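A quick write-up on the structure given underneath.
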Amino acid sequence: MSTPDENAEKLRQAYHQWNATKGASAQVWLDLMTDDVQMRSVSDGGGGMDFTRAQSGKSAAAAYFAGLGADWEMVHFTADEFIAQGDRVVVLSRVAFRFRATGKVASSPKADVFRFAGGKVVEFFEFFDTAAAFAATRGEE
């Protein structure tokens, strides 16, 4: 069993690589997840962001990252704060992604909530400014 600090450190390293590769390191996330990981997003597949619908399993997580990479280009992903307690780690970030079809950038504060079991991620839930993301998909300012 891993400690909250060990879980937070795993995520620090993953976020560092995620930002450094501009989102081309999905495998680092998949390696942290259990085979039956539960993934949810506040956008829940709405607004043309089908890849964000609630899903379970590592293959679904891989599809999430493939959909994100196909539709969005990372401008930056700056993880600012890691809050670890018990089996949970919350990561507070500032992000910006460009929607490829419109060229519009969505900037947002972001909160990611992870639950760990046995040193692996079993649940992930992301929160971000869905209005900004949906507007970018429509080419709005």
In segment 88-141, residues that are in a strand (DSSP E or B), more than 17 Å from Trp72 (Cα to Cα) and small (Gly, Ala, Ser) total 3
Just a yes or no: is a residue in segment 37-48 loosely packed, with under 15 Cβ neighbours inside 10 Å and without any contact (Cβ under 8 Å) to a residue 24 or more places away in the chain? yes
Taking segment 56-87 and keeping only residues that are in a strand (DSSP E or B) and under 13 Å from the mean Cα position of the chain (by Cα), one is left with Trp72, Met74, His76, Phe77, Thr78, Ala79
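Each row is one residue, and each column tells you yes or no for (1) free of Cβ contacts under 8 Å to residues at least 60 places away in the same chain; (2) touching a Ser or Thr at 6+ places or on another chain (Cβ under 8 Å); (3) surrounded by fewer than 17 Cβ atoms within 10 Å (Cβ to Cβ); (4) basic (Lys, Arg).
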site: Tyr64; (1), (2), (3), (4): yes, yes, no, no
site: Gly69; (1), (2), (3), (4): yes, no, yes, no
site: Met74; (1), (2), (3), (4): yes, no, no, no
site: Gln85; (1), (2), (3), (4): no, no, yes, no
Within segment 1-31, the residues that are surrounded by 15 or more Cβ atoms within 10 Å (Cβ to Cβ) and either within 16 Å of Lys110 (Cβ to Cβ) or in contact with a Phe, Trp or Tyr (Cβ under 6 Å, 6 or more places away or on another chain) (or both) are Asn7, Ala8, Leu11, Ala14, Tyr15, Trp18, Asn19, Gly23, Ser25, Ala26, Trp29
Picked from segment 1-24 (must be among the hydrophobic types (A, V, I, L, M, F, W, C) and over 26 Å from Glu73 (Cβ atoms)), the residue modelled with the lowest pLDDT is Met1
Residue set Thr34, Thr52; condition of a type in the set (Val, Ile, Thr), farther than 21 Å from Val105 by Cβ and either touching a residue at least 60 places away in the same chain (Cβ under 8 Å) or in contact with an Asp or Glu (Cβ under 9 Å, 6 or more places away or on another chain) (or both); output residue Thr34
### Residue match in segment 95-112 (condition: in contact with a Gly (Cβ under 9 Å, 6 or more places away or on another chain) and β-branched (Val, Ile, Thr))
yes
Result of the Cβ filter at 6 Å on segment 118-137, keeping first residues that are among the aliphatic types (A, V, I, L, M) and partners that are in a helix (DSSP H, G or I) and modelled with pLDDT of 95 or more, at least 6 apart or interchain, is Val121/Leu32
- Task: Would you be able to say whether some residue in segment 17-24 is within 14 Å of Val121 (Cβ to Cβ) and either touching a helix residue (DSSP H, G or I) at 6+ places or on another chain (Cβ under 9 Å) or assigned to a loop (DSSP other than H, G, I, E, B) (or both)?
- Result: yes
When every residue in segment 29-52 that is within 12 Å of the chain's Cα centre (by Cα) and assigned to a helix (DSSP H, G or I) is compared, the one nearest to Thr130 (Cα to Cα) is Thr52
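The values are calculated or read from the model by the stated rules, or taken from the named source; none is laboratory data. Since the structure is predicted, the reported quantities are computational estimates derived from the model, not experimental observations. Note that we place each Cβ from the backbone using ideal geometry, even for glycine, and neighbour counts take in every protein chain shown.
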